[in-house]
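Notes follow the structure.
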Amino acid sequence: MKPLVVGNWKMHGTQSEASALAREIRKGLKNINDVDVVLAPPFTCLGAVTRVLKGSAIGLAAQNVHWEEEGAFTGEISPKMLRALGCRFVIVGHSERRRLFQESDQAVAEKTLASLRAGLRPILCVGETSEERKKELTTRVFARQLRTALKGVGKSAIEKIEIAYEPVWAIGTGQNATPRQISRAHRWIQEVLQGLFGRKGAQKCRILYGGSVRPENAAELARVPEVSGLLVGGASLKATTFLSIVRSFRPHMGSGK
Ligand code: PGA
């Protein structure tokens, strides 16, 4: 399975800043075709970035989506609109949306289904808070988040979804999860997916890790056998750091990843 590195720019950048960053990343990826790369700029920059990426293999993602096609939903953006802009991916269920904007598991499920219907690949984020980890609820949290979000997703559609394990306590804190914690979490996620989609189906789904990924720790994280990609926040805002993270997968090419 080709590894996937996603840059989540969150609420950063004007159109011209985003274009400049995308241009630099495109240039830096010229000779790299063994890693899939996706950029997720803010809504306002999607148009500018799609123009920069035209004709390249770099994918474009939105950071959020509404589940209706159109209607009286002030401030919302539909999957159809994102497709028309050139998006092929969309992040759903990011913990910042769940936590700061009260997004429920049910809303995440609606977004996942609507994205698939429109031909967008959801990057579905799951992960526990430090409180939940301390109380040993981690596996229960995954099971709930995954089972709710993937309810109604047909057996064959699982290969159109990317899962991102993002422990809430690791996001933007500088404290990444350890390879051992990640390996266990990813195996548990695999198990839940197997229960829902069968062994073969589950194996077709990439599971990314996200949370304080930096050039300094990327190689170690990329080496974890259960990690099929990385979701990068802060370190994706600079071309040099992002490209160095993408390159961290390259020494392992040919080792089955
Ligand atoms: P971070 O964010 O890399 O800045 O920790 C990751 C994310 O929120 O996807």
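Of note:
- Rg and Dmax of the chain, based on Cα coordinates, read 16.9, 50 Å.
- Set of lysines with alpha-carbon distance to LYS80 below 24 Å, sequence-local pairs under 8 removed: LYS10, LYS54, LYS111, LYS151, LYS155, LYS160
- Taken about its Cα centre, segment 100-169 carries a charge dipole of about 280 debye when Lys and Arg each add +1 at the Cβ and Asp and Glu each add -1 at the Cβ.
- Cβ-based charge dipole, the chain, positive-most Cα from VAL232, LEU29, GLY210: LEU29
- In terms of overall dimensions, segment 20-77 has a Cα radius of gyration and Dmax of 13.9, 45 angstrom.
- Most positive-pole-ward Cα, SER19, LEU85, SER248, against dipole of the chain from beta carbon charges: SER248
- Cα shape, segment 69-135, gyration tensor, a/c 1.5 rule: prolate
- Most mobile listed residue (GLY59, GLY127, GLY198) in the chain, GNM with C-alpha springs under 10 Å: GLY198
- Within a straight-line Cα-Cα reach of under 12 Å, LYS27 cannot be paired with any aspartates and glutamates, leaving aside sequence neighbours fewer than 8 residues apart in one chain.
- The aspartates and glutamates within cross-link reach of LYS204, meaning a Cα-to-Cα straight distance under 16 Å and a gap of 8 or more places when in the same chain, are ASP36, GLU159, GLU162, GLU191, GLU226.
- A Cβ-based charge dipole, computed about the Cα centre of segment 1-122 with Lys and Arg at +1 and Asp and Glu at -1, lands at about 500 debye.
- Estimated [θ] at 222 nm from DSSP helical runs (n ≥ 4, -39500 (n - 2.57)) normalised by residues in the chain, nearest 500: -12500 deg cm²/dmol
- Nonlocal amide H pairs with GLY59, under 5 Å, H built at 1.01 Å: VAL37, VAL38, LEU39
- Calculated on alpha-carbon atoms, Rg and Dmax of segment 138-200 in Å: 12.7, 37
- Prolate/oblate/rounded label for segment 184-257 (Cα gyration tensor, a/c 1.5): prolate
- A simple charge model with +1 on the Cβ of Lys and Arg, -1 on the Cβ of Asp and Glu and nothing else charged puts the dipole of the chain at about 720 debye relative to its Cα centre.
- Listed residue (VAL49, ALA222, ALA72) projecting farthest to the positive dipole end of the chain, Cβ model: ALA222
Rule-based calculations on the coordinates, nothing more; no lab input. Computed from a predicted model, the values in this text were never measured in an experiment. We place every Cβ from the backbone using ideal geometry, glycine too, and count neighbours over all the protein chains shown.
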